[in-house]
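Some notes on the structure that comes next.
The values are calculated or read from the model by the stated rules, or taken from the named source; none is laboratory data. Not measured: the values here are computed from a predicted model. Here the Cβ positions follow ideal geometry from the backbone for every residue, glycine too, while neighbour counts run over all protein chains shown.
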Amino acid sequence: MDLIILANAFGINCNDNMPIHNSDIANIFEEIADLLQIDNANPFRVRAYRNAARMIHGMNQELKILVERNEELSKLPTIGKDLSAKIKETHPYIGEDIKVMGISEDIKVMGISKDNEIELTIACVFVDRYITDTNDYLRKKGKLETLIEKEVHKTINKTLKIIINSADNPETENLYLTVTGTSAESGDDGEVGRGNRVNGLITPYRPMNMEAAAGKNPVTHVGKLYNIVAQKISEALVTEINEISDAYCYLLSQIGHPINEPKIIDLKIKLHDGASIENVNLQIEDIVYYNLSTIYKIRQELITGTLQIY
């Protein structure tokens, strides 16, 4: 197997001016193992990646030399053909589509839907060490647009317009590049600011709480907990009751009363045509009661990372 192909599959940007080291590939194997473990994948798969990482870390010879000798890398101990060939297929988000493209996790998307058209304006930070020049940046931005279009059309059958990093000016080489991969380098990275909604969206045309959920105590802070619970209730109403198309949940606390006993629970429900609210009242009550009665579990979900709030 060609080393460039192998390294690209592991998320390493390869060119003649950038040497590939064993530590780079081994670190990617470790990342894959961590992701698999978090996802509760088969423990044998996790162990296979960790064993491969340890083997590569311990090699006295660079893999590049083995390639120059036309040796087959898949014959190395703990690295079989399946392990090397299926990396991109099974984990595209760590392969060429993401890391080799130089994309960080600092991504913002503004969507506008009008009639039969959706327009997405995307601010996507690229990491400079993965970009060789302006042409490489533009090529990878174009590929990102193709990937987004393909993903959106899996679920939405509308005309799609995608605008990525609209402030880019290739002629002056003014591109959205960073060293760290975040907009913090420009002083534009809030920890608990307006963008940190528990549903991940900024929706000025729909009700939203102005309370920042991040950075508050997860035991008694009403602004934090009711933000999360209201989101959970709304999601459950729409996903578990077929008759409901939209749901909004408003919770008002009462000082001196348990946090799982709000003073007011105000639900705004939109039903599909022909559905009757009387037929789903009991289901609605059950969902609200369950989420309020289990509010104490939120603190553990936040600690373990199973619940994301921004």
Would you check which residues across region 261-310 are of a type in the set (Lys, Arg) and over 23 Å from ASN242 (Cα atoms) and list them?
LYS263, LYS297, ARG299
Give me a count of the residues in region 275-310 that are surrounded by 12 or more Cβ atoms within 10 Å (Cβ to Cβ) and assigned to a loop (DSSP other than H, G, I, E, B).
6
The conditions are (1) closer than 30 Å to HIS272 by Cβ; (2) modelled with pLDDT of 80 or more; (3) hydrophobic (A, V, I, L, M, F, W, C), and LEU201 fails exactly one of them. Which is it?
(2)
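Can you tell me which residue is nearest to THR180 (Cα to Cα) among those in region 144-156 that are out of contact with any Asp or Glu (no Cβ under 8 Å at 6 or more places or on another chain), part of a helix (DSSP H, G or I) and of a type outside the set (S, T, N, Q)? Please lay out each step first, then the result.
We begin by selecting, within region 144-156, every residue out of contact with any Asp or Glu (no Cβ under 8 Å at 6 or more places or on another chain); these are 144-146, 148-156.
Now drop any that are not part of a helix (DSSP H, G or I), which leaves 144-146, 148-152.
Now restrict to residues that are of a type outside the set (S, T, N, Q): 144-145, 148-152.
Numbers: LEU144: 20, GLU145: 23, ILE148: 23, GLU149: 27, LYS150: 28, GLU151: 27, VAL152: 28 Å.
This residue is LEU144.
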Looking at region 224-236, is at least one residue exposed (fewer than 12 other Cβ atoms within 10 Å of the Cβ) and not small (Gly, Ala, Ser)?
no
Any residue in region 141-157 that's touching a residue at least 12 places away in the same chain (Cβ under 8 Å): show its pairings with residues that are of a type in the set (D, E, K, R) at Cβ separation under 7 Å, as long as the two are six or more apart or on different chains.
LEU147/ASP97
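Checking the condition modelled with pLDDT under 75, surrounded by fewer than 13 Cβ atoms within 10 Å (Cβ to Cβ) and in a loop (DSSP other than H, G, I, E, B), which residue from GLU211, GLU191 passes?
Numbers: GLU211 fails: surrounded by fewer than 13 Cβ atoms within 10 Å (Cβ to Cβ).
Only one candidate passes the filter, namely GLU191.
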Every residue from region 239-261 that is of a type outside the set (D, E, K, R), touching a helix residue (DSSP H, G or I) at 6+ places or on another chain (Cβ under 7 Å) and under 15 Å from TYR289 (Cβ atoms):
ILE241, CYS249, LEU251, ILE259, ASN260
Of all residues in region 102-135, how many are within 29 Å of LYS158 (Cα to Cα), among the charged types (D, E, K, R) and without any contact (Cβ under 8 Å) to a residue 12 or more places away in the chain?
2
Among all residue pairs at least 6 apart or on different chains, which show Cβ distances below 7 Å where the first residue, located in region 172-195, is more than 13 Å from TYR137 (Cβ to Cβ) and the second is modelled with pLDDT under 70 and hydrophobic (A, V, I, L, M, F, W, C)?
VAL192/ALA212; GLY193/ALA212
In the set VAL152, VAL125, which member is more than 21 Å from ASN174 (Cβ to Cβ), among the hydrophobic types (A, V, I, L, M, F, W, C) and crowded, with 16+ Cβ neighbours inside 10 Å?
VAL152
By residue number, the members of region 13-61 that are of a type in the set (Val, Ile, Thr) and modelled with pLDDT of 80 or more are VAL46
